[in-house]
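**Student:** Structure in structure tokens, see below.
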Amino acid sequence: MTTLKLGLYELAVKFLHLPKGRKIYLYRRQIPKDLRHHYSSSQYLKSLETSSEVEAIKRCRELNRSMEQEFGRLRAGYPKKPLLNHFNEASALLLKFGLSKSDFENQDDGASLIRDGFYDHLNDLIRIELGDKKYDEFFFSNESAYQYLPDVERTALEILRGEFSLNASQFLDQHVELLKRTTDTKFLQGVRNAKQFLLKHLANKPPSRYDRTEVRRLIDAGLKDGLKTRTIKRYLSTISAAFNYVALELELDSEKLHPFTTFKIPQLGEDSKDREDFTFDELQQLRQIKEKRKPEITWLIHLMLETGMRVNEVCGLRVDDVDLNHRFPNLVIHKNSFRRLKTKGSQRYLPLVGVALEVAAKALAESKDGWLFPSYIDFQKQTTKNTQASGAVNKQIRSVLGAAAPTAHSFRHTMQTRLRQVDCPEVLRNELGGWVKTVSESYGSSKDLKRKTDYFNRALEVYYIS
């Protein structure tokens, strides 16, 4: 770590290093122990190619963000570098030579001349790789040139010949890369589960080489394994979405025709168990929880209990999202750079009443860096620590209500039950739960917030049967 003096301030920059007697800054970082087998050294060292302090800080942070993504890929079971890089670089190489897929079979003299220039480039690379003597032996043999070409040139040749494709697992990996969701833990886990499900029962091959019989076999295998029908549907939908999106983006026309586009799962949803609500008495017990060593956990519980927010939504609240000075104190749920929303309809205004209003004031007083719950923000990965928060919240709920208690997610369903008991209209219940595509014209106005606050206040006291 290097400490830089910028004007009146001193700034400590992690992983930034300036060797004694040198002017050029370096990025220096120890490789995490669990990942060292992927690297030739226990330390990663790279020149930042600048002597400017300000530029060094900028480049250090950019490189560190790239390293974090690389570590994340490795821990998720993905390649160190995305295969997509090869495809993009290979496409750029063909463009540099003025080639496209249609030029491979084009017999026009101009197209042939351009192809010859590209082939000469490949020959030069093979000659450099083998040396003159071995190259002469190779030239008069029937040996394939592919093995002697760099990854980018090999991929470019496959694209030109219309031979480039990916197997199913690579499609799923590239889906993550193309959507730029390599740090989205929940999404990564969903893709990983779908991939494991597919490869457990079927061979790993290009999408177009599967047939309908194999899709049915996959569904039957999932049922035999004891998976819920909706879980199987989720896995198949993830697989289908990956095949469709990657084939479209990489223009792999032959892979657009795969059998995962439509499927039917017998008795879909009939094996689902309704999520259990909290009882009225259980909510009363949770409202009386005393703050412990980490009061944020209690605050999270009380906010979700009286609003029906998702764990990710409450973790990602910023100070500016909470308005306690309004006639009807409220908070707004919307997308920010550290938190995705499940759907567009998830954006909404929620009144603050009861214990939620009390803890919102406490959280604001203790807030740091503009976040209501900075302990559950991963500033380096720019995401929320919702899995960690969910585990902590559920642990505290069980400590009060017992091991069989519902989880934090049940606050959402319980809120719907409570609002039904006070005759809150369905359209407003859906808006408050974040399940609508459109909202009323008065959305976020004083009139709108008054109406919502009235229903939330009535839901505080009404006894209900779950």
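The values are calculated or read from the model by the stated rules, or taken from the named source; none is laboratory data. Remember, it's a predicted structure, so these values are computed and weren't measured experimentally. Please note: Cβ atoms are built from the backbone with ideal geometry, for glycine as well, and neighbour counts cover all protein chains shown. To get the accessible areas, we keep the full protein, side chains included, count just its heavy atoms, and leave off ligands, DNA and RNA. Shrake-Rupley method; radii C 1.70, N 1.55, O 1.52, S 1.80 Å.
**Student:** Taking 0.36 nm per residue of separation and subtracting the Cα-Cα distance, what length does fully extending residue 46 through residue 30 add?
**Tutor:** Details: separation 16, 0.36 × 16 = 5.76 nm, distance 1.20 nm.
Here the answer is 4.6 nm.
**Student:** Quick one: Karplus J couplings for the range 23-28, per residue in order, coefficients 6.51, -1.76, 1.60, θ = phi - 60°, nearest Hz, x for Gly and Pro?
**Tutor:** 3J(HN,Hα) across the range 23-28, in whole Hz: 10, 8, 6, 10, 9, 10.
**Student:** So, in nm, how far is label residue 204 from label residue 447 when the simple model puts each one 7 Å beyond its Cα toward the Cβ?
**Tutor:** 6.0
**Student:** Could you calculate the contour length gain from residue 196 to residue 142, that is, 0.36 nm times the residue separation minus the distance between their Cα atoms, to one decimal place in nm? Provide the component values of the computation, followed by the final result.
**Tutor:** Working: separation 54, 0.36 × 54 = 19.44 nm, distance 3.85 nm.
The residue 196-residue 142 span can extend by a further 15.6 nm.
**Student:** What residues have an amide H closer than 5 Å to that of residue 383, excluding those fewer than 5 places away on the same chain, when H is modeled at 1.01 Å from N in the peptide plane?
**Tutor:** So residue 383 has HN proximity to 378.
**Student:** Report the longest stretch of the chain that contains none of the GluC sites (Glu not before Pro) sitting in a DSSP loop with at most 14 other Cβ atoms within 10 Å. Before the final figure, lay out the partial values.
**Tutor:** On the way: sites that count: 49, 105, 143, 163, 251, 270, 276, 291, 441.
Answer - 292-440.
**Student:** Please list, ordered by chain and number, the residues whose modelled amide H lies under 5 Å from the amide H of residue 278; skip anything fewer than 5 residues away on the same chain.
**Tutor:** The answer is 414.
**Student:** If I model a spin label as a point 7 Å beyond the Cα along the Cα-Cβ vector, how far apart are those points for residue 399 and residue 361 in nm?
**Tutor:** Result for the modelled spin labels: 2.6 nm.
**Student:** How many nm is it between the label spots at residue 186 and residue 75, if each spot is 7 Å from the Cα in line with the beta carbon?
**Tutor:** Between residue 186 and residue 75, the label points sit 1.8 nm apart.
**Student:** Further question: Taking Cα pairs under 8 Å and at least six residues apart, what relative contact order does the chain come out at, in percent?
**Tutor:** This gives 11 percent for the chain.
**Student:** Where does helix 109-130 land angle-wise versus the long Cα axis of the chain, in degrees 0 to 90, nearest 10?
**Tutor:** Once rounded, one gets 90 degrees.
**Student:** Then there's this: So for the range 224-312, Kirkwood radius off the Cα pairs, Stokes-Einstein at 4 °C and 1.567 mPa s: how many µm² s⁻¹? Don't skip to the end; give the middle numbers.
**Tutor:** Details: Rh = 17.5 Å.
Stokes-Einstein gives a translational diffusion coefficient of 74 µm²/s.
**Student:** Place a point 7 Å from the Cα of residue 264 along the Cα-to-Cβ direction; which residues of the range 222-247 have their backbone N under 16 Å from it?
**Tutor:** Taking a point 7 Å out along Cα→Cβ of residue 264, the residues of the range 222-247 whose backbone N falls under 16 Å are 233.
**Student:** Okay, moving on. What 222 nm value per residue comes from the helices of the chain, counting each DSSP H run with n ≥ 4 as -39,500 (n - 2.57) and dividing by all residues, nearest 500 deg cm²/dmol?
**Tutor:** Working: 17 runs with 231 residues, N = 466.
Roughly -16000 deg cm²/dmol at 222 nm, from the helical runs in the chain.
**Student:** Related question: For the chain, find the longest principal axis of its Cα atoms and tell me its angle to the long axis of helix 354-366, 0 to 90°, nearest 10.
**Tutor:** With rounding to tens, the tilt is 60 degrees.
**Student:** Using only the alpha carbons, work out the radius of gyration and Dmax of the chain in angstrom.
**Tutor:** That works out to 28.4, 89 Å for Rg and Dmax.
**Student:** Report ³J(HN,Hα) in whole Hz for each residue of the range 186-195, in order, from the Karplus equation J = 6.51 cos²θ - 1.76 cosθ + 1.60 where θ = phi - 60°; Gly and Pro get x.
**Tutor:** With the stated coefficients, the range 186-195 comes to 5, 5, 4, 5, x, 5, 4, 5, 5, 5 Hz.
**Student:** With r as the distance between the Cβ atoms of residue 55 and residue 279 and R0 = 60 Å, compute the FRET efficiency 1/(1 + (r/R0)^6) and round to 0.05.
**Tutor:** On the way: r = 60 Å, r/R0 = 1.00.
According to the calculation, E is roughly 0.50.
**Student:** Enter the accessible area of residue 299 (Å², nearest 10), with the probe set to 1.4 Å and all protein chains included.
**Tutor:** Probe radius 1.4 Å; accessible area of residue 299 about 20 Å².
**Student:** Multiplying the sequence separation of residue 379 and residue 324 by 0.36 nm and subtracting their Cα-Cα distance, what value in nm do you get? Please list the in-between numbers first.
**Tutor:** Details: separation 55, 0.36 × 55 = 19.80 nm, distance 2.61 nm.
Extra length available between residue 379 and residue 324 comes to 17.2 nm.
**Student:** So if the hydrodynamic radius of the range 146-223 is defined as the Kirkwood radius over C-alpha pairs, what does Stokes-Einstein give as its diffusion coefficient at 4 °C and 1.567 mPa s, in µm² per second? Don't skip to the end; give the middle numbers.
**Tutor:** On the way: Rh = 14.5 Å.
The Stokes-Einstein estimate is 89 µm²/s.
**Student:** Quick one: which residues, 5+ away or cross-chain, put their amide H under 5 Å from the amide H of residue 318? H built at 1.01 Å from N.
**Tutor:** When sequence neighbours closer than 5 places are left aside, the close amide H contacts are 372.
**Student:** Next question, about the same structure. If you wrap a convex hull around the Cα atoms of the range 348-466, how much volume per residue is inside, in Å³?
**Tutor:** 149
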